[in-house]
Amino acid sequence: MPNESFYRLNEAKQARIKAALKEEIAGYSYEDFSINRIVRSCGISRGSFYQYFKNRDDIYIYLVSDYNRLIVEHAEACIREKDGSFFDMLKDTVLFAVRMFCHKDSRKFRNHLFQGIVMDGLMWKSGDFSLEAQPVLHHILHRIDLDRLRVENEEELVVLIRICITACAPAMSHILLSDGDEILAKDLILPKLALLRKGYELS
């Protein structure tokens, strides 16, 4: 993630740097990524750039965190709307994520960004995707109505969430690393969620 000095920049300069980062990733693979091109594009010195980002990994984690933040924010809003129903929230949030992964930013950007994240093992290194790393996820957990589920406590609920994430992961990876087929992703994910719901939700 960026250093604090990046967030102290005015919004216009942050946006200019972010646009240069996205342009670089859309145009080049992880292996061909060049900070020199970025600094030329956004008109800053290489030394200044390293005051904002330590290395290439910081950049990839920062851009992936945009996707993650939007998913978590949607889930938090959804669990309120769905009156604590875990599987209603899950289905709605997964469909939101599928749409976003298919349509947010350009396909080349999405493919190169997530190929880089997977290749360098950054998906979990950043901590952005762990339940423990995001305080907002704990707010979501506390809003889930456990009386509707076949789980005894919050620890078992976390296990159920991880099972659901694992069930969705292959289809999500297909979207991010290939052609972004929204219909295929839904066809792969929704039957799994329906089966999990049947097994874990009380009638």
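Here, each number is a calculation from the coordinates, and none is a lab measurement. Here the structure is a predicted model, which is why all the values come from computation and not from measurement. For neighbour counting, all protein chains shown are included, and Cβ atoms are generated from backbone atoms with ideal geometry for every residue, glycine included.
Any idea what the relative contact order of the chain is, in percent, if you count C-alpha pairs under 8 Å spaced at least 6 apart?
Details: 185 pairs, mean separation 47.9, N = 203.
Result for the chain is 24 percent.
For residue 51 and residue 155, compute 0.36 nm times the residue count separating them, minus their Cα-Cα distance, and round to one decimal in nm.
Value of the extension gain: 33.4 nm.
What does the helix-only formula give at 222 nm for the chain: each DSSP H stretch with n ≥ 4 adding -39500 (n - 2.57), the total divided by the residues, and the result rounded to the nearest 500 deg cm²/dmol?
Here the helix-only value at 222 nm equals -23500 deg cm²/dmol.
Which angle from 0 to 90°, rounded to the nearest 10, does the C-alpha axis of helix 154-177 make with the longest principal axis of the chain?
Computed tilt is about 50 degrees.
Treating the angle as unsigned and between 0 and 90°, give the value, to the nearest 10°, between the Cα long axis of helix 11-27 and the longest Cα principal axis of the chain.
80
If you average the C-alpha positions of segment 92-118 and of segment 137-170 separately, how far apart do those two centres end up, in angstrom?
24
Taking the Cα centre of segment 1-54 as origin, sum charge times position over the Cβ atoms of Lys and Arg (+1) and Asp and Glu (-1), and report the length of that vector in debye to the nearest 20. Could the numbers behind the result be given before it?
Numbers: 9 positive and 6 negative charges, 43 e Å.
Approximately 200 debye in magnitude.
So which of 91/192; 18/104; 18/54; 22/54; 18/186 end up more than 20 Å apart by C-alpha?
Values: 91/192 11 Å; 18/104 15 Å; 18/54 15 Å; 22/54 17 Å; 18/186 31 Å.
Over 20 Å apart, Cα to Cα: 18/186.
Return the long-range amide H neighbours of residue 53 (sequence gap of 5 or more, or a different chain), with a cut-off of under 5 Å between placed amide H atoms.
For residue 53, whose amide H was placed from the backbone, the distant partners under 5 Å are 3.
Give me the distance in nm between label points sitting 7 Å out from Cα along the Cα-to-Cβ direction at residue 76 and residue 181, one decimal.
3.6
Could you list which residues have their amide H under 5 Å from that of residue 149, counting only those 5 or more apart in sequence or on another chain, with H placed in the peptide plane?
202
In straight Cα distance, which aspartates and glutamates are under 20 Å from residue 82, not counting same-chain residues fewer than 8 positions off?
Filter leaves 73, 92, 145, 147, 154, 201.
I need the phi-derived Karplus couplings for segment 28-41: 6.51 cos²θ - 1.76 cosθ + 1.60, θ = phi - 60°, integer Hz, Gly and Pro marked x.
Rounded to whole hertz, the list is 9, 6, 4, 5, 9, 4, 10, 5, 4, 5, 5, 5, 5, 5.
Given R₀ = 41 Å, what would the calculated FRET efficiency be for residue 162 paired with residue 37, taking r from the Cβ atoms and rounding to 0.05?
Once rounded, the FRET efficiency stands at 0.60.
How are the C-alpha pair distances of segment 57-200 spread across 5 Å bins, as whole percents from the shortest bin up?
Using 5 Å bins, I get a P(r) of 2, 9, 19, 22, 22, 15, 8, 3, 0 for segment 57-200.
Can you compute 3J(HN,Hα) from phi for each residue in segment 60-66, using the Karplus curve 6.51 cos²θ - 1.76 cosθ + 1.60 with θ = phi - 60°, rounded to whole Hz and x for Gly and Pro?
5, 5, 4, 6, 5, 4, 4
Can you give the FRET efficiency to the nearest 0.05 for residue 5 and residue 138, using r as the Cβ-Cβ distance and R₀ = 35 Å?
Working from the Cβ atoms, E equals 0.75.
Once phi is turned into ³J(HN,Hα) by the Karplus curve 6.51 cos²θ - 1.76 cosθ + 1.60 with θ = phi - 60°, what whole-Hz value does each residue of segment 107-114 show in order, with x for glycine and proline?
4, 4, 4, 4, 4, 5, 4, 7
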